[in-house]
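Heads up: the structure comes next, in structure tokens.
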Amino acid sequence: MNPDEPRDIPDETLDRYMERTIGARTAALDDQLYAAQLHWTRMALSLADQAMEHEGISEDTRRRVATAVVFGSLDEDEAIGRIQKRAAQIERLNRETPRLIVTPELAAELGIDVTP
């Protein structure tokens with residue numbers, strides 16, 4: 001995208017989300033499902049924004065709607081705090097949860113192929 005071109009509301013909103021959400025940019029590149037969901041969200045936001053613009057909805061209101069849809073809240077800071085809290089909880093659970101070690105015997109018993 002040309003940096004001199006005006007950005008549309010959905011792109012600006014999704015870019016803010018990607019910048020403020022830990023791991024979002026990496027996931028968009030490495031996770032095909034996340035990338036597809038991001039693409040669908042961008043398309044849906046663009047269509048909704050076009051419809052609101054056509055109906056004469058102000059740009060400020062359209063930005064607030066896009067923020068509420070993408071961040072799950074009208075307050076970005078509150079939403080990012082909630083996302084970071086959830087990420088910290090997941091990280092803590094990952095550290096504290098014992099791991100199941102699958103031995104070749106257990107894998108055979110469960111019918112799991114563990115060969116690389």
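The values are calculated or read from the model by the stated rules, or taken from the named source; none is laboratory data. Computed from a predicted model, the values in this text were never measured in an experiment. Backbone-built Cβ (ideal geometry, glycine too); neighbour counts: all protein chains shown. The protein model used for the area step is the full one, side chains on, heavy atoms only, and it has no ligands, DNA or RNA in it. Shrake-Rupley method; radii C 1.70, N 1.55, O 1.52, S 1.80 Å.
Any chance you could count how many residues in the range 59-77 are in a helix (DSSP H, G or I) and either open to solvent by less than 80 Å² (accessible area, probe 1.4 Å) or modelled with pLDDT under 85 (or both)? Explain how you work it out, then say what you get.
First pass over the range 59-77, keeping only residues in a helix (DSSP H, G or I): 59-71, 76-77.
So of that shortlist, the ones also either open to solvent by less than 80 Å² (accessible area, probe 1.4 Å) or modelled with pLDDT under 85 (or both) come out as 61-63, 65-68, 70-71, 76.
So the answer is 10.
Filter the range 1-30 for residues that are acidic (Asp, Glu) and either in a helix (DSSP H, G or I) or at pLDDT 90 or above (or both) and give the result. Spell out how you get there, then give the answer.
At the first step, the residues of the range 1-30 found to be acidic (Asp, Glu) are 4-5, 8, 11-12, 15, 19, 30.
Hits for the range 1-30 are 8, 11, 12, 15, 19, 30.
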On the basis of being open to solvent by less than 60 Å² (accessible area, probe 1.4 Å), more than 24 Å from residue 17 (Cα to Cα) and either assigned to a helix (DSSP H, G or I) or free of Cβ contacts under 8 Å to residues at least 60 places away in the same chain (or both), does residue 106 make the cut? yes
Within the range 24-81, can you find the residues that are among the basic types (Lys, Arg) and touching a Pro at 6+ places or on another chain (Cβ under 9 Å)? 42
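Which of the residues spanning the range 37-58 are part of a helix (DSSP H, G or I) and either open to solvent by less than 60 Å² (accessible area, probe 1.4 Å) or on the phi > 0 side of the Ramachandran plot (or both)? Quick ask: steps written out before the conclusion?
Start the filter on the range 37-58 by keeping residues that are part of a helix (DSSP H, G or I), which leaves 37-54.
38, 41, 44, 45, 46, 48, 49, 51, 52 - these are the residues of the range 37-58 that are part of a helix (DSSP H, G or I) and either open to solvent by less than 60 Å² (accessible area, probe 1.4 Å) or on the phi > 0 side of the Ramachandran plot (or both).
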